Every structure is written in C-alpha cells, then in structure tokens.
Amino acid sequence: MALLELNGVTKHFGGLAALREVNLQVSAGEILGLIGPNGSGKTTLFNVITGIYPLTRGTIRFKEENILGLKPYQICHKGIGRTFQIVKPFTRLTVLENVMVGTFYGKKKAMADPIQARKTSEAILDRVGLGLKKNHRVSDLTLEDKKRLELGKALATQPELLLLDEVMAGLNPTEIKELLELLRSIRADGVTLIVVEHVMHAVMNLANRVYVLHHGEKIAEGSPAEVARDKRVIESYLGEEFLLASG
Ligand SMILES: Nc1ncnc2c1ncn2[C@@H]1O[C@H](COP(=O)(O)OP(=O)(O)O)[C@@H](O)[C@H]1O
Ligand SMILES: [Mg+2]
C-alpha cells in the first residue's frame, strides 16, 4: 500500500501547465528525492499535496484516503508536514514559540499542555541545531537558521510524511553533512520523506529513489544511479559535468 498516491495530477495556472499528468507513489519509510530544473513544478507539487492550491485534474490519496479538497491545516492533521522554500516563520514570535505553534496545531493537536509542548519543542530545537537560539527573535536569525526553523516547525507537527523544499540551500558542506544525518535520523523514527533539493550529491546520497520533473512532467524515476545515467535527465538538468564528476 502506498502512503501517498498521486494519479494524473495536473495543475494549470491560467495558460501555464505547471504539472501535467503526474503519477507518483511513495511508500512508507522511503526517502524520495524530487529533482528538476527551476520552474519544473516541484514546489507546485508540494502545494497541491498540502492543499494550498486546488488541482485542475487528478487525484491525491494519503493512506488510501482522498485528501483533495481538504484545507492545509486538515492535511497537516492527517500527518503531512512540510517546509516552505520561501521561509514562513511567525515573525513576532520567538524561535521556541514558532516551534510550539507546530506542536499545538499538528497531527497530535491534543498536545494542549503548554509545559509538554515546550519540552517537545526544546528537544526539536536541539535536534535541528537551534537549541541555543530558542529565545531569539526570528528576525535576528540568518537565512540558514530560518531554514532550520522551518524544519523544526514541520517536525513539531509530528508528520508521518514530511515534504522538504530546498532545506539545504545556502548551507555549507559541514552543515549539509549534519543535515543529512538529521534527515536520516528522522527517517529512522518512521517518517517518510520527499526531499526537493538542488544539492545533487546530497539527494543522491540520501534518497533511495529519485523522481525527476521537467516542465511539469515526469521524465525519469528510479534509483539515484539510474537517474544519474538517464539521458533526458542529463540533458535537461544534471549536465554532462555531473556524469563525469560522479564517474
Ligand atoms: N501561484 C502561481 N501562479 C502562477 N504561476 C505559478 C504559481 N506558482 C508557480 N507558478 C509557475 O509554475 C511553474 C512551476 O513553478 P514551481 O513549482 O515553483 O517550480 P520549482 O519549484 O520546480 O522551481 C513555474 O513556471 C512558475 O512560474
Ligand atoms: Mg521550488
């Protein structure tokens, strides 16, 4: 049984087809890498899965349940968490308060006990590397820290499926390595991940399967090694240098 199943997912913005007939199945426990050039529809895919935009056509099922038409917060309660490529913190709240919001409104929204919510949120902040900045104002954070905060907010909603939109952008190699470890530990906790990322060595290392979009259409799907060798993927996205560099 697929955890998430998309069939014929099509999204038009006026005359532009941002997604065309996308079929995608994600199994529980996978880390799926979602790659493709800028404008290929990756963020739009996250936006339709999480109910931000209605579909033009197609179906989306999560744990065999049709989630089309549900509001974003309802989809979050079902167990789908996400980060935003353009970070979206609550700017008037502290770092800790931002994460606490996730614990109050996420999947186990019954976490009504503020003391427990605070403890859980502090543990999450330690995990994403923001433990020492928990009382900072969000406006004082660097972009990299805001990316970590996105991840913390998403984790606080206790997702079963977590959609990550370019969380590595702007991080240095050491930070990327740390983040890869963190994402693996999140998967080890039983969370399924879809990871949109341009940092190719990171995706290829992390993902057990890779799905490639180009102009809103799937052009390849397979193991990282298969996708890295795929002619259309090399032509449209990776380039010959990647093939040479990765042997
Ligand atoms: N809200 C929107 N209104 C109009 N066009 C949009 C909107 N969101 C995305 N698009 C367009 O859809 C296409 C796919 O965008 P996007 O999903 O952001 O790509 P990616 O995340 O792969 O870079 C682009 O051409 C983009 O301009
Ligand atoms: Mg995007």
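If R0 is taken as 25 Å, the Cβ-Cβ distance between residue 27 and residue 118 corresponds to a FRET efficiency of 0.15.
Using a Gaussian network model of the chain in which every pair of alpha carbons under 10 angstrom is joined by a spring, one finds that among 119, 147, 78 the greatest mean-square fluctuation is at 119.
The gain in end-to-end length when the residue 143 to residue 175 segment is fully stretched comes to 10.2 nm, 0.36 nm per residue minus the alpha carbon separation. Model label points for residue 105 and residue 74, set 7 angstrom from Cα along the Cα-to-Cβ axis, are 1.6 nm apart. Counting 0.36 nm for each residue step from residue 7 to residue 232 and taking away their Cα separation leaves a gain of 78.7 nm. Across 144, 221, 181, mean-square fluctuation computed from a Gaussian network of the chain (C-alpha pairs under 10 Å connected) peaks at 181.
Radius of gyration (Cα atoms) of the chain, expressed as a multiple of 2.2 N^0.38 Å: 1.00. Between the beta carbons of residue 16 and residue 52, assuming R0 = 22 Å, the FRET efficiency works out to 0.85 to the nearest 0.05. Quick note on the stretch 93-158: its Rg to Rh ratio, both from C-alpha atoms and Rh being the Kirkwood radius, is 0.95. In the chain, the DSSP-assigned H stretches of four residues or longer account for a calculated mean residue ellipticity at 222 nm of -10500 deg cm²/dmol, using -39500 (n - 2.57) per stretch and the full residue count as denominator. Excluding residue 89 itself, calculate the net charge of residues whose Cβ lies under 15 Å from the Cβ of residue 89, where each Lys or Arg counts +1 and each Asp or Glu counts -1. Taking every other residue near residue 89 into account, the sum is +4.
Annotation: extensible slack from residue 126 through residue 217 equals 28.9 nm (criterion: 0.36 nm per residue apart, minus Cα-Cα distance). Phi-derived couplings, Karplus 6.51 cos²θ - 1.76 cosθ + 1.60 at θ = phi - 60°, listed residue by residue for the stretch 216-232: x, 10, 6, 10, 6, 7, x, 5, x, 5, 4, 5, 5, 9, 5, 4, 5 Hz, with x used for Gly and Pro. The local environment of residue 9, defined by Cβ-Cβ distances under 12 Å, has a net charge of +2 under the rule Lys, Arg +1 and Asp, Glu -1.
Rule-based calculations on the coordinates, nothing more; no lab input. The structure presented is a predicted model; accordingly, all values stated were derived computationally and were not measured. Cβ: placed from backbone, ideal geometry, glycine included. Neighbour counts: every protein chain shown.
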